């Protein structure tokens, strides 16, 4: 989902709702919009009779194929939040500046700024974890620039050509490979008349081995996944999975596609497809399937597993050994052990959600828990599934749920709430006042203790300290004069608001220097660094021509 908004800087980081970049995302939509055609992040952002479509706009029910996903419950479709990876290196922060066709590289301790010229209209920017290496896709020049920081602070810069019209970039684990592709969902509905829907570019990023090769894959890639070792890529398309052996890519070619559909003329496309980390199986879901589809990527055999209801969400643990399938209409969650339960589906465990509705799951990093919720209604509860004991507990909340974030250790849930239309006022009763307010909750899973915090504006992006001691959230509303980063203590649930000089657009955490960076909308470009210990701030303003002001 993208929203074309004018910002001085374009920052490709953190947790946008499927946006190709944080700044083009703009401020989160207000639920008060109340009409179709308004921006949305979830079904409960839209008024009755409409749903949030794949481009991120409220659309009247029945006017889009996606509206059929409501199922027997009569609820609109679930909307799953997509979250981009951070764009910070080991000690540097990288900011794409499309108006100047450059990337600003900022040292998180010294605040030294280096301007790096890249291709025309740099947008999507990725970094290799633990390294000061950035990869930026320039959309109008159809190039990828690899920026490799040297010990003296300068950079080795290498530019590769990519297929025209690509707008998304995926990095393999380990950082050896990148794949550029066109994601129609992230186009925001703006598509060139000559747009290609079946070309990707595989870029080899290793120093001294850099290369780029264009490949033809199946129609309309929607996601690229990688094997655990980063040597295979799985391009999920409308009708199949194109499997790429990355080390064997030497020249342009057509990549064979493993079919996902038994009959492409009679079946609708799968709405979500996940590939196990060993590349053995692809699992998919769609309305009308009454369970999940399993495709053996080696033999191309297709098996449908009947779970008694349509799946509204599908997730895999990081080790690929467990699939969590949410069955909203039957109020159940199926747990599929891989590969055993694929051979004998009678062994699949099914957990009941009781009188509560679960439409989505967010898994903890360790794969021990699943946070279950729905954003198709304003149900005020978070369900927690213990994936080891295979039991579900219910935790009451004060407001409905838009989405959930898990702390890295899985012990705390940060819950972003929706709001009902209207402005809270003194004539409202207390419950109505809360329903009309923006806010989020913190929940300690082990003790069930929760804390509601009202925000005055729609909560923005969230980032966690890898040690799970703290979290950070953006709040920005120019009309209300709200410009802050909320520093959240995950132990005591105390919050300190860190004032910012300009509206925030993106943030991230740099563990090596114990700093949080906040990119802001400013005519010259502005980034504020927050010390994770005492929350003291330092700000650098002005990226053009390598000039900058430290405040």
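The values are calculated or read from the model by the stated rules, or taken from the named source; none is laboratory data. Note that the structure is predicted; figures quoted are calculated from it, not measured. Please note: Cβ atoms are built from the backbone with ideal geometry, for glycine as well, and neighbour counts cover all protein chains shown.
Going by the conditions given, is residue 210 more than 23 Å from the chain's Cα centre (by Cα), in contact (Cβ under 8 Å) with a residue 60 or more places away in the chain and surrounded by fewer than 18 Cβ atoms within 10 Å (Cβ to Cβ)?
Values: more than 23 Å from the chain's Cα centre (by Cα): yes; in contact (Cβ under 8 Å) with a residue 60 or more places away in the chain: yes; surrounded by fewer than 18 Cβ atoms within 10 Å (Cβ to Cβ): yes.
Answer is yes for this residue.
Just one of (1) in a strand (DSSP E or B); (2) in contact with a helix residue (DSSP H, G or I) (Cβ under 8 Å, 6 or more places away or on another chain) trips up residue 197, so point out which.
Here residue 197 meets the rest and fails (1).
Restricting attention to the stretch 231-241, report how many residues are touching a strand residue (DSSP E or B) at 6+ places or on another chain (Cβ under 8 Å) and more than 13 Å from residue 202 (Cα to Cα).
5
Starting from the stretch 241-267, take each residue that is in a helix (DSSP H, G or I) and list its partners that are surrounded by fewer than 20 Cβ atoms within 10 Å (Cβ to Cβ), counting only C-beta distances under 9 angstrom and pairs at least six apart or across chains.
246/176; 246/204; 246/230; 246/231; 247/176; 247/204; 247/231
Can you tell me which residue is farthest from the chain's Cα centre (by Cα) among those in the stretch 522-544 that are in a loop (DSSP other than H, G, I, E, B) and surrounded by 23 or more Cβ atoms within 10 Å (Cβ to Cβ)?
Here the residue is 543.
Show the residue pairs meeting these rules: Cβ distance below 8 Å; 6+ apart or different chains; first residue within the stretch 452-480 and on the phi > 0 side of the Ramachandran plot and touching a residue at least 40 places away in the same chain (Cβ under 8 Å); second residue buried (at least 20 other Cβ atoms within 10 Å of the Cβ) and not in a loop (DSSP other than H, G, I, E, B).
Once the first residue is on the phi > 0 side of the Ramachandran plot and touching a residue at least 40 places away in the same chain (Cβ under 8 Å) and sits in the stretch 452-480, its partners that are buried (at least 20 other Cβ atoms within 10 Å of the Cβ) and not in a loop (DSSP other than H, G, I, E, B) give 468/412.
Taking into account only those residues within the stretch 405-421 that are out of contact with any helix residue (DSSP H, G or I) (no Cβ under 7 Å at 6 or more places or on another chain) and over 19 Å from residue 509 (Cβ atoms), which is modelled with the lowest pLDDT?
In this case the residue turns out to be 417.
Quick test for you: out of 144, 157, pick the one residue that is within 19 Å of residue 230 (Cβ to Cβ) and in contact with a strand residue (DSSP E or B) (Cβ under 9 Å, 6 or more places away or on another chain). Walk me through how you get there before you give the answer.
On the way: 157 fails: within 19 Å of residue 230 (Cβ to Cβ).
Sole residue among the options that is within 19 Å of residue 230 (Cβ to Cβ) and in contact with a strand residue (DSSP E or B) (Cβ under 9 Å, 6 or more places away or on another chain): 144.
Kindly provide the set of residues from the stretch 362-374 that are without any contact (Cβ under 8 Å) to a residue 60 or more places away in the chain and surrounded by 23 or more Cβ atoms within 10 Å (Cβ to Cβ), ordered by number. Steps first, please.
Initially, the stretch 362-374 is screened for residues without any contact (Cβ under 8 Å) to a residue 60 or more places away in the chain, giving 362-368, 370-373.
Of everything in the stretch 362-374, those that are without any contact (Cβ under 8 Å) to a residue 60 or more places away in the chain and surrounded by 23 or more Cβ atoms within 10 Å (Cβ to Cβ) turn out to be 370, 371, 372, 373.
This table checks each residue for (1) at pLDDT below 95; (2) outside any strand (DSSP E or B); (3) over 24 Å from residue 257 (Cα atoms); (4) touching a helix residue (DSSP H, G or I) at 6+ places or on another chain (Cβ under 8 Å).
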position	(1), (2), (3), (4)
278	yes, yes, no, no
282	no, no, no, no
311	no, yes, yes, no
335	no, no, yes, no
350	no, no, yes, no
362	no, no, yes, no
375	yes, yes, yes, yes
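Do the conditions hold for residue 160, that is, is it in a strand (DSSP E or B), within 26 Å of residue 530 (Cβ to Cβ) and touching a residue at least 40 places away in the same chain (Cβ under 8 Å)?
No: the conditions fail for residue 160.
Could you check, for the stretch 137-158, whether at least one of its residues is at pLDDT 95 or above, over 24 Å from residue 512 (Cα atoms) and under 20 Å from the mean Cα position of the chain (by Cα)?
For the stretch 137-158, residues at pLDDT 95 or above, over 24 Å from residue 512 (Cα atoms) and under 20 Å from the mean Cα position of the chain (by Cα): present.
One residue is enough: does the stretch 77-88 have a residue meeting the conditions modelled with pLDDT of 90 or more and either surrounded by fewer than 21 Cβ atoms within 10 Å (Cβ to Cβ) or outside any helix (DSSP H, G or I) (or both)? Reasoning before the result, please.
Taking the stretch 77-88 first, the residues modelled with pLDDT of 90 or more are none.
So far as the stretch 77-88 goes, no, none of its residues is modelled with pLDDT of 90 or more and either surrounded by fewer than 21 Cβ atoms within 10 Å (Cβ to Cβ) or outside any helix (DSSP H, G or I) (or both).
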